[in-house]
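Enquirer: The structure follows.
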Amino acid sequence: MQIQTPFRTDAADTSRLELTGIGVRFGGIVALDDVSLQVPAGSVVGIMGPNGAGKTTLFNVICGFIRPGDGSMSFDGRPFAPVPQRLSARGVSRTLQGLGLFAGLTALDNVTAGASGRHRSPFAAGLLGLPFAARSNRQAVGEASALLDEFGIGSYAHALPPALPYPVAKKVALARALISDPTLILLDEPAGGLDQADIDDLRELIRALPQRADSVVSVMLVEHNVDLIMSVCDHIAVLDFGRVISQGTPDEIKADPVVAQAYLGDREAS
Ligand SMILES: Nc1ncnc2c1ncn2[C@@H]1O[C@H](COP(=O)(O)OP(=O)(O)OP(=O)(O)O)[C@@H](O)[C@H]1O
Ligand SMILES: [Mg+2]
């Protein structure tokens with residue numbers, strides 16, 4: 001199976017994000033080459049691939065940190081030219097490969113900071129007689145606190161990131177991405193550095209994401225942990241040297257010899 005066209009699903013006309021022919025070069029390196037894929041609303045789409053395959057670059061394109069040399073994107077059916085500073089207002093958030101927490105801010109403040117760019121109606125603030133900023137900040141702190149409690153890490157609210165156990169810090173990073181009420185959330189190697197019990201915990205968290213709150217949330221997941229990606233994703237795209245070498249359901253990906261070969265080649269090379 002060597003599919004180069006975007007996969008189609010029943011939800012194709014409710015596609016949240018659609019990438020068409022995305023290409024990125026860094027000097028002589030082709031980081032992404034003619035990448036086309038769809039992320040249907042409410043789905044979990046996995047991005048697999050050996051080291052250097054272009055997975056993080058793909059996320060950087062979706063977040064507007066890298067402008068692709070080729071291709072186009074659409075979000076909820078409209079042309080999408082992302083600007084990092086306005087991403088959460090568009091309903092997109094991400095966790096970084098590694099942690100990316102602010103070392104000088106408490107866990108609670110890190111999560112609250114994630115709310116800064118989101119869109120909120122000033123009318124509710126007016127009803128309470130508060131300036132919008134004050135009301136909105138108070139609300140954000142309350143929501144951040146609730147998220148930490150939901151993730152079972154409320155007792156760490158006032159700890160600084162260097163003092164947090166690694167799995168707790170990972171959850172803080174996820175909470176920070178969720179507080180802006182994204183409709184698309186990008187997770188870059190969320191299981192990296194976690195042991196099996198924490199990965200099982202994470203699996204349940206990711207599975208619950210599409211049904212969160214009032215909106216239909218879509219998830220893109222970059223992950224090297226094959227068991228995790230196979231168990232939470234509706235669809236998977238496999239990148240190798242910047243190209244989509246396979247797309248399909250987890251079972252289709254598992255059975256695709258092209259995918260096995262890409263990983264085998266990676267191991268032999270290293
Ligand atoms: N800013 C950059 N400047 C130059 N080359 C880059 C840059 N970012 C990425 N690359 C190169 O682009 C290719 C894809 O890198 P990318 O980080 O997207 O891979 P990845 O799939 O996320 O790998 P990993 O699994 O190791 O995180 C690699 O060859 C990498 O060295
Ligand atoms: Mg990466």
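Enquirer: Could you grab the pairs with beta carbons closer than 7 Å, sequence gap of 6+ or different chains, first residue in the range 54-68 and on the phi < 0 side of the Ramachandran plot, second one part of a loop (DSSP other than H, G, I, E, B) and away from ligand 2 (no atom under 13 Å from the Cβ)?
Expert: Taking only residues 6 or more apart or on different chains, the pairs are 61/68; 62/82; 63/82.
Enquirer: Next question. With the condition kept exactly as written, say whether any residue in the range 168-187 is without any contact (Cβ under 8 Å) to a residue 40 or more places away in the chain, assigned by TED's automatic domain parsing to the domain that holds residue 85 and within 20 Å of residue 98 (Cα to Cα).
Expert: Scanning the range 168-187, I find no residue that is without any contact (Cβ under 8 Å) to a residue 40 or more places away in the chain, assigned by TED's automatic domain parsing to the domain that holds residue 85 and within 20 Å of residue 98 (Cα to Cα), so the answer is no.
Listed here are the residues, each with its yes/no results for (1) open to solvent by 10 Å² or more (accessible area, probe 1.4 Å); (2) within 16 Å of ligand 2 (Cβ to nearest atom); (3) within 27 Å of residue 215 (Cα to Cα); (4) outside any strand (DSSP E or B).
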{"site": "34", "(1), (2), (3), (4)": "yes, no, no, no"}
{"site": "39", "(1), (2), (3), (4)": "no, no, yes, no"}
{"site": "42", "(1), (2), (3), (4)": "yes, no, yes, yes"}
{"site": "47", "(1), (2), (3), (4)": "no, yes, yes, no"}
{"site": "59", "(1), (2), (3), (4)": "no, yes, yes, yes"}
{"site": "72", "(1), (2), (3), (4)": "yes, no, yes, no"}
{"site": "86", "(1), (2), (3), (4)": "yes, no, yes, yes"}
{"site": "100", "(1), (2), (3), (4)": "yes, yes, yes, yes"}
{"site": "103", "(1), (2), (3), (4)": "yes, no, no, yes"}
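Enquirer: Of all residues being outside any strand (DSSP E or B) and open to solvent by less than 10 Å² (accessible area, probe 1.4 Å) in the range 181-195, which is nearest to residue 59 (Cα to Cα)? Just the residue, please.
Expert: 182
Enquirer: If you don't mind, another one. Does residue 198 meet the test of being farther than 24 Å from residue 16 by Cβ and either within 16 Å of ligand 2 (Cβ to nearest atom) or touching a residue at least 24 places away in the same chain (Cβ under 8 Å) (or both)?
Expert: In short, yes.
Enquirer: Report the residue count in the range 133-177 for those that are open to solvent by 40 Å² or more (accessible area, probe 1.4 Å), among the aliphatic types (A, V, I, L, M) and assigned to a loop (DSSP other than H, G, I, E, B).
Expert: So the answer is 1.
The values are calculated or read from the model by the stated rules, or taken from the named source; none is laboratory data. None of the values given here were measured: they were computed from a predicted structure. Ideal geometry is used to build each Cβ from the backbone, glycine not excepted, and the neighbour counts take in all protein chains shown. Ligands, DNA and RNA are excluded from the accessible area calculation, which covers all protein heavy atoms including side chains. Shrake-Rupley method; radii C 1.70, N 1.55, O 1.52, S 1.80 Å.
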